[in-house]
Amino acid sequence: MKREASYEPSDEDIKPKKLKGSSSKAPGRTWTSDELDLLFTIALTGPTRANFDGKIEGRTALQCQKTWENTLLPYLHKMAREKGAKKK
C-alpha cells in the first residue's frame, strides 16, 4: 500500500502575495509652505476642484482639493476650537 503524504498549506500559500511596485499609492512630493499658502488663498474663492484646476504648478485639481479637505481645513477647525476654548 502506498502511503499518501499529508499536505498542509503554509501562510505563504494562503495569503495573496503583494507584488513589488504595485503600491496603490505612489510616494508624493511634500507640499511647500508657498503651495499651502496659495492653496489657502484659492480656497477662499471657493474650495471646488474647478477653482483649484491649473492654479498650482505640478499639482492636480484633485490633489489640491484633497489637501484642502484633509490637511488645511481640519487644521483651521482645530485652531478655531482652541482659540475659542482659551477665551472661556
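The values are calculated or read from the model by the stated rules, or taken from the named source; none is laboratory data. None of these values were measured; they are calculated from a predicted model. We place every Cβ from the backbone using ideal geometry, glycine too, and count neighbours over all the protein chains shown.
Residues being outside any helix (DSSP H, G or I), at pLDDT below 95 and not charged (D, E, K, R): count how many of those fall in the range 6-43.
13
Which residue pairs have Cβ atoms under 6 Å apart, sit 6 or more places apart or on different chains, and have a first residue in the range 71-84 that is without any contact (Cβ under 8 Å) to a residue 12 or more places away in the chain and within 16 Å of GLU35 (Cβ to Cβ) and a second that is surrounded by 10 or more Cβ atoms within 10 Å (Cβ to Cβ) and not polar (S, T, N, Q)?
So the pair list comes out empty.
Mind checking which residues of the range 44-88 are touching a Leu at 6+ places or on another chain (Cβ under 7 Å) and either in a helix (DSSP H, G or I) or modelled with pLDDT under 95 (or both)?
Those that are touching a Leu at 6+ places or on another chain (Cβ under 7 Å) and either in a helix (DSSP H, G or I) or modelled with pLDDT under 95 (or both): ARG49, CYS64, THR67, TRP68, LEU72.
Could you count how many residues in the range 40-64 are of a type in the set (A, V, I, L, M, F, W, C), in contact with a Lys or Arg (Cβ under 8 Å, 6 or more places away or on another chain) and in contact (Cβ under 8 Å) with a residue 24 or more places away in the chain?
Qualifying residue count, the range 40-64: 1.
Filter the range 65-79 for residues that are charged (D, E, K, R) and loosely packed, with under 12 Cβ neighbours inside 10 Å and give the result.
Answer for the range 65-79, where residues must be charged (D, E, K, R) and loosely packed, with under 12 Cβ neighbours inside 10 Å: just LYS78.
Looking at the structure I just gave you, is THR32 under 19 Å from the mean Cα position of the chain (by Cα) and β-branched (Val, Ile, Thr)?
yes
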